[in-house]
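Novice: One structure, as structure tokens, below. Some questions next.
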Amino acid sequence: MQRRSRLALLAGLALIATGCDWYYNDVPSPDDLWHITPWFDHMIAQKSVHPYSRADIPRYTPEGTVPVSGGEPDWSAEFAQGKTTTADGLKNPTAGGAGPIARHGAATPEIPGSLDAKGDTLFENFCSPCHGPAGAGDGAVGRRMGAPPLLSPRARGFSDGYLYSIIRYGRGLMPRYGDKVFDPLDRWAIVNHVRKLQAAAPQPAAVPTPAPQPIQPKPATPKPAAPKPKPTPGAPQ
């Protein structure tokens, strides 16, 4: 009897040992069932965006972050103090139909079309509400805020770098647009469009300064006659 019990115990242990292997190796895992269950499959095959798996998807990085490929220098503190040395020293890399310039950071979506088309589109979207479609300062918002025209002799005298800096950092009532027009090439496209508007508009006629007139001497004013003394009462006339 004891021998049969021992044999039964050994058989049970052997069955348990081989059963575990069979369960883990041959029986399908419940995790594999999610792939064939229709109401769970959409969670696996969904069209989700993985922002760090591709380099051409914009990433929202903390302020002041510099990409590993280098960044654009910052002269905002100098420009805010009214110093234009760095701004005036900037060279327009697209002047005269120059080729494309190097961009900083990861690739970003670009507006298709030529440089002129970019400048026209961006000016219409960001600048014309204040400065007007032709740069005359007659935009719907500019008429209420007193936006200066871009066709004045003063605006024509600004350097390309100064206009670029105004777009990037703002000036006076104009807010900065560097966070909206973040591609340097697009900012230069706006500068070129402003120059195009200035070239198409006639310069305002200079108001002639009148010649100084000689000062004429004033005529001498005659002195009033001295009053006659009043007669004293009782005195002989």
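Please treat every number below as a calculation from the coordinates, not as lab data. What you are looking at is a predicted structure, and each value in this text was computed from that prediction instead of being measured. Reconstructed Cβ throughout: ideal geometry from the backbone, glycine too, with neighbour counts over all protein chains shown.
Novice: For Arg176, Arg144, what ranking results if the residue with the fewest other Cβ atoms within 10 Å of its Cβ goes first? Walk me through the numbers before you get to the answer.
Specialist: Details: Arg176 15, Arg144 9.
If I rank by nearby Cβ atoms, fewest first, I get Arg144, Arg176.
Novice: Another question, if that's okay. What distance in nm lies between label points placed 7 Å from Cα along the C-beta direction at Arg154 and Thr221?
Specialist: 4.3
Novice: Take each of the peptides 115-124, 132-141, 81-90, average the number of other beta-carbon atoms within 10 Å over its residues, and list them starting from the highest. Present the calculation step by step, with values, prior to reporting the outcome.
Specialist: Working: 115-124: 18.3, 132-141: 16.5, 81-90: 12.9.
Per-residue Cβ counts within 10 Å, averaged per peptide and sorted highest first, yield 115-124, 132-141, 81-90.
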